[in-house]
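Enquirer: Take this structure, written in structure tokens, and hold onto it; I'll ask about it next.
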Amino acid sequence: MNSAKPQKKSQNFVRQAVRWRQWAAPPATGPQGCPEVLILGAGPAGVGAAYQLARRGIAHATVLEQRETVGGNAGSFEVDGIWADYGSHRLHPSCDPEILADLQDLLGRDLASRPRHGRIRLRGRWIHFPLKPLDLALHLPPQFAFGVASDMIRKSLTDRNSQADTFSSVLERALGRTICRDFYFPYANKIWGIPPEAISVAQARRRISANSLSKMLRKVASSIPGLKPPGAGRFYYPRLGYGEISECLYKAAAAAGAEFRFGAQVTAIERDENGVTAVRFLQNNEESRMPVANLWSTLPITLLARGMRPQAPAAILEAASKISFRAMILIYLVLEQNQFTEYDAHYFPEVAIPISRLSEPKNYSPASEPPNRTLLCAELPTDRGSLEWQMSDEQLGKLLCGWLAAAGLPVTAPVLRAFTRRLPQAYPIYQVGYEAHFDAVDHWLQEIKGLLTFGRQGLFVHDNTHHALYMAYAAAECFNQDGVFDWSQWHEFRDVFETHVVED
């Protein structure tokens, strides 16, 4: 694994690293005499960590998962012969080479390289995504193009030393008013449910890869033959849905000795002055208690903090209450036709269309079965308790058909089924000032010996699956065969995680 790390370390990091190294204690041992590690959550980070620990023989991993399947929000399920995902997912070519090689070895021919072929709706017109020069010339709305050009001229004449303070200020300074107000700002408001000026500047760095005009132009140029870098405009996708990645990691981990307990809902994490001591969980309506010395959690950091026993200090619980996730309703339509459109995904920044993205899984996959059936998945960001959250599947299906018709994508084939999946924690919300609340909870949890938090929800990040797997591999790399976790190395990896930028 490529573990190049930033050289700069804060004095706080150095002090913490010295203290953490003093925490090494004789570990609990598994059935083969190797250390025991209990992992909470079987999403990509959880199954990836179990796979690495088991294949390297450095620990006996037990994974507790609330659902009956692996993958979490990156899992898949089958409906009417079609593999459906929880929204749009892709494995990007920027995946760490070692991790990608492992996945290619595990999935074999099932993991196919596919061309990206999506569209963005902009001022009533469709623009290819990823952006292509010829397509932009033919389809970009003239007023939008004029606005972007004007913004570029204005940018060259304005002061560049103004203080970057929010998502909106830094993006508008970098990209100009037109791109921001026609695309990024309404799309951001739709996804996170707060106005762009209320979003932390960290969002612009962590969530938007083309966060400057020069980067955006380089992305456009990368689609030109001869200038296209390896992997540009392509992605990897498994034949049996995106969840096949987690499924293969799970099977390989189990074959190497890892243990998985499904339908296990964590109810409490016990601790004393020496660190974590046990995890309590419900399974088959019975509560069990599992002693633990090494606990690796991918649970949402807010749930982890609230689940501690004895209870976390009031200040930590207050900080956790100020960290929030955006929910999402996934609305699925099974249609009696072979293909809805030729595109894998449609993006909707316009406020008039409430959904943020529409995907057609058959267009992602190398598989073309079954005939005369296709599936649409629409992503509707919302809040738990909202009007949409209370609606029935049938109501949401009818609304989706209306929204698609308004966007010029009418559903004309018979709708065989409409159903939903509801994700309570889809996206972390980086509201201005969230950093202080997250840091308070994160630092308090780090003080608990034997406890490690990682993964998208564990570290409150927007990261892609390949980033979550990188965290899993990093955690396993920090754990040696004597059962001692190298906290100094882990916090160097935490610095690396801070450089991750989400790819859409």
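Enquirer: If amide H atoms are built 1.01 Å from N in the plane of the peptide, which residues on other chains or at least 5 residues away come under 5 Å of the amide H of Thr267?
Expert: Hits under the 5 Å cutoff: Arg280, Phe281, Leu282.
Enquirer: With Cβ to Cβ distances under 15 Å as the rule, what net charge do the other residues near Thr267 carry (K, R +1; D, E -1)?
Expert: Details: positive: Arg261, Arg271, Arg280, Arg289, Arg306, Arg309; negative: Glu65, Glu270, Glu286, Glu287.
Net charge around Thr267: +2.
Enquirer: Could you order Trp444, Trp192 so the one with the most accessible surface comes first? Probe is 1.4 Å. Write out the running numbers ahead of the final one.
Expert: On the way: Trp444 45, Trp192 10 Å².
The residues order as Trp444, Trp192, largest area first.
Enquirer: Let me ask another. Pop a pseudo-label 7 angstrom from the Cα along the beta-carbon direction at both Thr499 and Arg280 and give the gap in nm to one decimal.
Expert: Those two pseudo-labels are separated by 4.4 nm.
Enquirer: Enumerate the calculated ³J(HN,Hα) couplings along region 109-118 in order (Karplus 6.51 cos²θ - 1.76 cosθ + 1.60, θ = phi - 60°), each rounded to whole Hz, writing x wherever the residue is Gly or Pro.
Expert: Once rounded to whole Hz, the list reads 5, 5, 8, 9, 8, 10, x, 7, 8, x.
Enquirer: Now, a different point. About the Cα centre, and with charges only on the beta carbon of Lys, Arg (+1) and Asp, Glu (-1), how big is the dipole of the chain? Nearest 20 debye, please.
Expert: On the way: 54 positive and 51 negative charges, 283 e Å.
So the magnitude is around 1360 debye.
Enquirer: May I ask for the net charge around Leu38, where only other residues with Cβ less than 13 Å from the Cβ of Leu38 are counted and Lys, Arg are +1 while Asp, Glu are -1? Kindly include the intermediate steps, with their values, before the conclusion.
Expert: Working: positive: Arg261, Arg280, Arg289; negative: Glu36, Glu65, Glu259, Glu270.
Net charge in that neighbourhood comes out at -1.
Enquirer: Here's a follow-up. Using a probe radius of 1.4 Å on heavy atoms only, what accessible surface per residue do you get for the chain? Whole Å² is fine.
Expert: Details: 21710 Å² over 504 residues.
On a per-residue basis, the chain sits at 43 Å².
Enquirer: So how much accessible area does Ser76 have, in Å² to the nearest 10, using a 1.4 Å probe?
Expert: Approximately 30 Å² for this residue.
Enquirer: What are the principal axis extents of the Cα atoms in the chain, in Å, biggest first?
Expert: That gives 68, 58, 48 Å along the principal axes, largest extent first.
Enquirer: Quick check: at a probe of 1.4 Å, how many percent of the accessible area of region 378-490 sits on carbon and sulfur atoms? Could you put the intermediate results ahead of the total?
Expert: Numbers: 2100 of 4270 Å².
On region 378-490, the fraction of accessible area on carbon and sulfur atoms equals 49 percent.
Enquirer: Another question, then. Taking a threshold of 27 Å on the Cα-Cα distance, which of the pairs Lys132/Lys362; Lys251/Lys362; Lys322/Lys398; Lys251/Lys398; Lys190/Lys322 fall above it?
Expert: As for pairs spanning more than 27 Å Cα to Cα, those are Lys322/Lys398; Lys251/Lys398.
Enquirer: A further question follows. Net charge near Asp165: determine it from the other residues with C-beta under 12 Å of the C-beta of Asp165, scoring Lys and Arg +1 and Asp and Glu -1. If you can, show how the numbers build up before the last one.
Expert: Details: positive: Arg173; negative: Glu172, Glu197.
Net charge around Asp165: -1.
Enquirer: Just to be sure I follow the definition: excluding the sites themselves, where is the longest run in the chain that has none of the trypsin sites (Lys or Arg not before Pro) in a DSSP loop with at most 10 other Cβ atoms within 10 Å?
Expert: Values: sites that count: Lys8, Arg160.
Looking at the chain, 161-504 is the longest stretch - no exposed trypsin sites (Lys or Arg not before Pro) with at most 10 other Cβ atoms within 10 Å.
Enquirer: Additional query: When only Cα pairs under 8 Å and 6 or more residues apart are kept, what is the percent relative contact order across the chain? Numbers along the way, then the final one.
Expert: On the way: 999 pairs, mean separation 124.0, N = 504.
For the chain, the relative contact order is 25 percent.
Enquirer: On to the next question. Binning at 10 angstrom from zero up to the longest distance, how are the C-alpha pair distances of region 346-504 distributed in percent?
Expert: Using 10 Å bins, I get a P(r) of 8, 27, 27, 20, 14, 4, 0 for region 346-504.
Enquirer: Just to be sure I understand: of the beta bridges DSSP finds with both ends in the chain, what percent are antiparallel, rounded to 5?
Expert: Details: 57 of 77 bridges.
So the antiparallel bridges amount to about 75 percent of the total.
Enquirer: Taking Cα atoms, how many degrees apart are the long axis of helix 487-497 and the longest axis of the chain, rounded to 10 and kept between 0 and 90?
Expert: Helix 487-497 and the main axis of the chain meet at about 0 degrees.
Enquirer: Sum -39500 (n - 2.57) across every DSSP H segment of at least 4 residues in the chain, then divide by the residue count to get the 222 nm mean residue ellipticity, nearest 500. Mind dumping the intermediate values first?
Expert: Numbers: 17 runs with 170 residues, N = 504.
Here the helix-only value at 222 nm equals -10000 deg cm²/dmol.
The values are calculated or read from the model by the stated rules, or taken from the named source; none is laboratory data. Here the structure is a predicted model, which means the values were calculated and not measured. For neighbour counting, all protein chains shown are included, and Cβ atoms are generated from backbone atoms with ideal geometry for every residue, glycine included. All accessible areas refer to the heavy atoms of the entire protein, side chains included, with ligands and DNA or RNA removed. Shrake-Rupley method; radii C 1.70, N 1.55, O 1.52, S 1.80 Å.
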